[in-house]
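Asks: What follows is a structure written as structure tokens; I'll ask about it next.
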Amino acid sequence: GDSVTQMEGPVTLSEEAFLTINCTYTATGYPSLFWYVQYPGEGLQLLLKATKADDKGSNKGFEATYRKETTSFHLEKGSVQVSDSAVYFCALSDLPNTGNQFYFGTGTSLTVIP
Amino acid sequence: DTAVSQTPKYLVTQMGNDKSIKCEQNLGHDTMYWYKQDSKKFLKIMFSYNNKELIINETVPNRFSPKSPDKAHLNLHINSLELGDSAVYFCASSHRTGQETQYFGPGTRLLVL
């Protein structure tokens with residue numbers, strides 16, 4: 001079945017450090033891949049997405065490239081800020097096999113310290 | 001003009017009580033979902049409704065029952081609440097066609113005492 005495996009946290013970085021959060025997936029079809037971010041006390045917000053192989057999603061300085069050959073969708077940011085402290089979720093959607101059911105990773109908590 | 005809204009935001013109740021959580025979306029989406037997030041932030045899909053029909057029903061206790069009066073609303077009713085039901089419950093919505101983004105509500109924090 002479909003699944004997402006995400007790097008375990010928590011991750012603590014200093015401001016302006018480079019961030020990578022690893023995400024790999026298993027899917028039977030041709031999934032779309034997503035990164036969601038959850039700030040403390042809030043719901044999940046879409047951060048970026050990619051719908052086919054070699055697509056790069058980007059937003060707010062974050063980016064991730066859909067790599068079919070390695071079944072990966074790693075999240076990166078060149079210089080993190082304190083305001084990036086949140087929980088990050090990798091997810092996939094594999095229509096038509098799963099009726100737009102999302103498969104979420106376990107989440108990676110990021111804390112950025114000044 | 002909130003896209004996906006939930007009420008209440010916080011819910012504290014005693015074991016054995018029955019409670020409901022309401023969700024509304026104004027995005028014109030076809031499909032709505034309920035998720036449960038535990039204390040470790042793990043997200044579990046509970047239900048999905050497409051045009052008022054249940055299309056996913058994960059293995060959740062039958063004390064949980066989704067009710068969709070129309071495609072803009074998906075409420076969650078919980079009977080005989082248990083301590084283990086304490087969690088954050090998120091509503092979400094999306095277009096069903098294609099692998100569309102899901103939009104999440106702010107969550108309802110349920111605490112069962």
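The values are calculated or read from the model by the stated rules, or taken from the named source; none is laboratory data. As the structure is a prediction and not an experimental result, all values here were calculated from the model. All Cβ positions, glycine included, derive from the backbone under ideal geometry; neighbour counts span all protein chains shown.
Asks: Of all residues being free of Cβ contacts under 8 Å to residues at least 40 places away in the same chain and of a type in the set (D, E, K, R) in region B:68-99, which is farthest from B:Asn50 (Cα to Cα)? Just the residue, please.
Replies: B:Asp85
Asks: Turning to a different aspect of this structure: If a residue has to be within 14 Å of chain B (Cβ to nearest Cβ) and surrounded by 17 or more Cβ atoms within 10 Å (Cβ to Cβ) to count, how many in region A:56-84 make the cut?
Replies: Start the filter on region A:56-84 by keeping residues that are within 14 Å of chain B (Cβ to nearest Cβ), which leaves A:57, A:59, A:66, A:73.
Adding the requirement that they be surrounded by 17 or more Cβ atoms within 10 Å (Cβ to Cβ) leaves A:57, A:66, A:73.
Qualifying residue count for the region: 3.
Asks: Out of region A:6-28, which residues are under 18 Å from A:Asp94 (Cβ atoms) and surrounded by 13 or more Cβ atoms within 10 Å (Cβ to Cβ)? Write out each step before concluding.
Replies: Here is the first cut: in region A:6-28, the residues under 18 Å from A:Asp94 (Cβ atoms) are A:6, A:23-28.
Those that are under 18 Å from A:Asp94 (Cβ atoms) and surrounded by 13 or more Cβ atoms within 10 Å (Cβ to Cβ): A:Gln6, A:Cys23, A:Thr24, A:Tyr25, A:Thr26, A:Ala27.
Asks: Looking at A:Asp54, A:Asp94 in this structure, which one is touching a residue at least 60 places away in the same chain (Cβ under 8 Å) and among the charged types (D, E, K, R)?
Replies: None of the other options fit; the residue is A:Asp94.
Asks: For A:Val37, state whether it is buried (at least 18 other Cβ atoms within 10 Å of the Cβ) and under 15 Å from B:Lys41 (Cβ atoms). Spell out how you get there, then give the answer.
Replies: Numbers: buried (at least 18 other Cβ atoms within 10 Å of the Cβ): yes; under 15 Å from B:Lys41 (Cβ atoms): yes.
For A:Val37, the condition - buried (at least 18 other Cβ atoms within 10 Å of the Cβ) and under 15 Å from B:Lys41 (Cβ atoms) - is met.
Asks: Please count how many residues of region B:100-111 are touching a residue at least 40 places away in the same chain (Cβ under 8 Å) and of a type in the set (Val, Ile, Thr).
Replies: Total meeting the criteria: 1.
Asks: Only one residue in B:Thr31, B:Thr7 is within 27 Å of A:Tyr36 (Cα to Cα) and touching a His at 6+ places or on another chain (Cβ under 8 Å), so which one is that? Show your work before the answer.
Replies: Numbers: B:Thr7 fails: touching a His at 6+ places or on another chain (Cβ under 8 Å).
None of the others qualify; the one that does is B:Thr31.
Asks: I've got another one for you. Out of (1) at pLDDT 95 or above; (2) within 13 Å of chain B (Cβ to nearest Cβ), the odd one out for A:Thr12 is which?
Replies: (2)
Asks: When only residues in region B:69-113 that are under 11 Å from the mean Cα position of the chain (by Cα) and away from chain A (no Cβ under 14 Å) count, which is farthest from B:Gln14 (Cα to Cα)?
Replies: Looking at residues that are under 11 Å from the mean Cα position of the chain (by Cα) and away from chain A (no Cβ under 14 Å), I get B:His73.
Asks: Which condition number does B:Cys23 fail, the rest of (1) within 10 Å of chain A (Cβ to nearest Cβ); (2) under 30 Å from A:Leu110 (Cβ atoms) being met?
Replies: (1)
Asks: Moving on to the next point. How many of the residues making up region B:52-65 are more than 12 Å from chain A (Cβ to nearest Cβ) and in contact with a strand residue (DSSP E or B) (Cβ under 8 Å, 6 or more places away or on another chain)?
Replies: The first filter runs over region B:52-65 and keeps only residues more than 12 Å from chain A (Cβ to nearest Cβ), leaving B:52, B:59-65.
Going one step further and asking which of them are in contact with a strand residue (DSSP E or B) (Cβ under 8 Å, 6 or more places away or on another chain), we end up with B:52, B:60, B:63-65.
Here the count works out to 5.
Asks: Another question about this same structure. For the condition of a type in the set (Gly, Ala, Ser), closer than 18 Å to A:Gly41 by Cα and under 13 Å from the mean Cα position of the chain (by Cα), what is the one hit in B:Ser20, B:Ser5?
Replies: Selected residue: B:Ser5, the only one of B:Ser20, B:Ser5 that is of a type in the set (Gly, Ala, Ser), closer than 18 Å to A:Gly41 by Cα and under 13 Å from the mean Cα position of the chain (by Cα).
Asks: Continuing with this model, one more query. Could you grab the pairs with beta carbons closer than 6 Å, sequence gap of 6+ or different chains, first residue in region B:38-63 and closer than 21 Å to A:Val4 by Cβ, second one of a type in the set (Gly, Ala, Ser) and part of a strand (DSSP E or B)?
Replies: From region B:38-63, the pairs are B:Asp38/B:Ala87; B:Ile55/B:Ser48; B:Ile56/B:Ser48.
Asks: Which strands (runs of 3 or more DSSP E) sit wholly inside chain B and have at least 1 residues that are surrounded by fewer than 18 Cβ atoms within 10 Å (Cβ to Cβ)? Reasoning before the result, please.
Replies: Values: elements: B:4-7, B:10-13, B:19-25, B:31-37, B:43-50, B:53-57, B:64-70, B:73-78, B:87-94, B:108-112.
Counting at least 1 such residues, we get B:4-7, B:10-13, B:19-25, B:43-50, B:53-57, B:64-70, B:73-78, B:108-112.
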